[in-house]
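The values are calculated or read from the model by the stated rules, or taken from the named source; none is laboratory data. Note that the structure is predicted; figures quoted are calculated from it, not measured. FYI the Cβ positions are ideal-geometry reconstructions off the backbone, even for glycines, and counts take in every protein chain you see.
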Amino acid sequence: MINKQNQQHLFLGARTFIEPENILFLEAEINYTNIYYQNGRNQLLSITLKRVLEAIKDEGNYVRISHKHAINKACIKTVTANSVRITGGKILKASRRKSKTLSILNGLAS
């Protein structure tokens with residue numbers, strides 16, 4: 001179901017492709033995933049966040065900070081005990097269960 005056509009696009013099905021290297025963060029909405037790109041564009045997929053993360057795991061360095069959000073580690077600016085600020089100034093809340101992940105990410109913040 002997942003075909004890598006070239007290094008710039010990752011195809012998920014017949015008409016759906018994503019650009020993993022340009023992803024800022026991903027947001028789950030039940031069985032859909034919103035992908036927000038660094039250029040301000042967004043894309044809605046009818047695939048769960050878990051499946052999207054499985055598809056892009058070899059294409060970049062992404063981390064899930066809550067049930068609803070996953071972020072591109074390269075876009076992290078600052079990390080606090082319960083949130084992450086990413087490129088563009090957006091602040092994403094992290095879940096309590098991901099506090100260990102946030103402490104690891106704190107060393108990556110630029």
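Details
- Within region 92-110, the set of residues being surrounded by fewer than 14 Cβ atoms within 10 Å (Cβ to Cβ) and modelled with pLDDT of 85 or more comprises Lys93, Arg96, Arg97.
- Tally of residues being surrounded by fewer than 17 Cβ atoms within 10 Å (Cβ to Cβ), among the aliphatic types (A, V, I, L, M) and not in a loop (DSSP other than H, G, I, E, B) across region 57-91: 2
- Residues (modelled with pLDDT of 95 or more and touching a helix residue (DSSP H, G or I) at 6+ places or on another chain (Cβ under 7 Å)) located in region 67-85: Ala70
- The set of residues from region 25-37 being modelled with pLDDT of 95 or more, surrounded by fewer than 21 Cβ atoms within 10 Å (Cβ to Cβ) and among the aliphatic types (A, V, I, L, M) comprises just one member, Ala28.
- Selection status of Asn42, under 10 Å from the mean Cα position of the chain (by Cα), on the phi < 0 side of the Ramachandran plot and without any contact (Cβ under 8 Å) to a residue 12 or more places away in the chain: no
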